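Notes to accompany the following structure.
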Amino acid sequence: MNVNLKYFASIREAIGQGAESVATQAITLKALREELIARGGVYAEVLAHGRAVRMALNQDLCDESAVLSDGCEVAFFPPVTGG
């Protein structure tokens, strides 16, 4: 299946792009994140499981158990802080 990825804030800066489309075998957000981490390099660094990364599926915040569908939008971003 194909999914559309969006990266925000420090994740976008580290990866060097704001969006990409990828073909994936992943069924859940967790599996997709693991596929991206397996790319190595900056992906492994910014999306590592010990890092605080928020995820949204079709613009709804969700946890790693969310199920992907063909053509869905997945966004990765760091936790928002501020006042």
Checklist entry - Where in the range 9-83 are there strands (runs of 3 or more DSSP E), lying fully within it, with 1 or more residues that are modelled with pLDDT of 95 or more and surrounded by fewer than 11 Cβ atoms within 10 Å (Cβ to Cβ)? => result 19-23
Next on the checklist: Pull out all pairs, ordered by first then second residue, where Cβ-Cβ is under 7 Å, the residues are six or more apart or on different chains, the first lies in the range 39-68 and is within 9 Å of Leu29 (Cα to Cα), and the second is outside any loop (DSSP other than H, G, I, E, B) and open to solvent by 30 Å² or more (accessible area, probe 1.4 Å).
Outcome noted: Glu64/Thr28; Glu64/Lys30; Ser65/Thr28; Ser65/Lys30; Ala66/Thr28; Val67/Thr28; Leu68/Thr28
Checklist entry - Here are some conditions: (1) assigned to a strand (DSSP E or B); (2) free of Cβ contacts under 8 Å to residues at least 24 places away in the same chain; (3) open to solvent by less than 50 Å² (accessible area, probe 1.4 Å). Val3 meets all but one. Which one does it not meet? => result (2)
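The values are calculated or read from the model by the stated rules, or taken from the named source; none is laboratory data. Worth saying up front: this structure is predicted, and the values here are computed from it rather than measured. Positions of Cβ are generated from backbone atoms using ideal geometry, with glycine treated the same way; all protein chains shown enter the neighbour counts. The area values use the complete protein model at the heavy-atom level, side chains included, leaving out ligands, DNA and RNA. Shrake-Rupley method; radii C 1.70, N 1.55, O 1.52, S 1.80 Å.
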